[in-house]
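Quick one: the structure is below, questions incoming.
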Amino acid sequence: MVLGADGSTLRVPDRAKNRQEFRLPPASRSTAGYPQVRVSVLMVLRSHLWLDFDFADCRTGEGTIAWPLIQRVPGQSITIVDRYYIN
């Protein structure tokens, strides 16, 4: 099985509970007035189906989210990762 791992930032609805849980992005990086979620995904590349994922508030670093996900990569697979993951 050939897998891929990468991260992204996703917008979520601007609700009080989302602002409390996921927070707003830092002002130095963005002027967004809505909460955002940082997500790291392990995907089956042939089908683009998500095999596994982790997420956290937008101020949590991608590496922090990705490391536990990478630990759950199944044996007997090849995984292509973002260069950021192999520091």
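Can you list residue pairs whose Cβ atoms sit under 8 Å apart, with the first residue in segment 44-71 being of a type in the set (Ser, Thr, Tyr) and the second being part of a strand (DSSP E or B)? Count only pairs 6 or more apart in sequence or on different chains.
These pairs meet every condition: Thr60/Arg38; Thr64/Ala56.
Another one. Every residue in segment 17-44 that is among the aliphatic types (A, V, I, L, M) and modelled with pLDDT of 90 or more, please. Lay out the reasoning, then the answer.
Of all residues in segment 17-44, those among the aliphatic types (A, V, I, L, M) come to 24, 27, 32, 37, 39, 41-44.
If the condition is that a residue be among the aliphatic types (A, V, I, L, M) and modelled with pLDDT of 90 or more, then Val37, Val39, Val41, Leu42, Met43, Val44 are the ones that fit.
Ok, one more. Having 1 or more residues that are of a type in the set (Ser, Thr, Tyr) and touching a Leu at 6+ places or on another chain (Cβ under 6 Å) is the bar; report the strands (runs of 3 or more DSSP E) wholly within segment 35-87 that clear it.
Because the criterion is at least 1 residues that are of a type in the set (Ser, Thr, Tyr) and touching a Leu at 6+ places or on another chain (Cβ under 6 Å), the strands (runs of 3 or more DSSP E) in segment 35-87 that meet it are 36-44, 78-81.
The values are calculated or read from the model by the stated rules, or taken from the named source; none is laboratory data. Just so you know, these numbers come straight off a predicted model, no measurement behind them. Every residue, glycine as well, gets a Cβ built from its backbone with ideal geometry; the counts of neighbours run over all protein chains shown.
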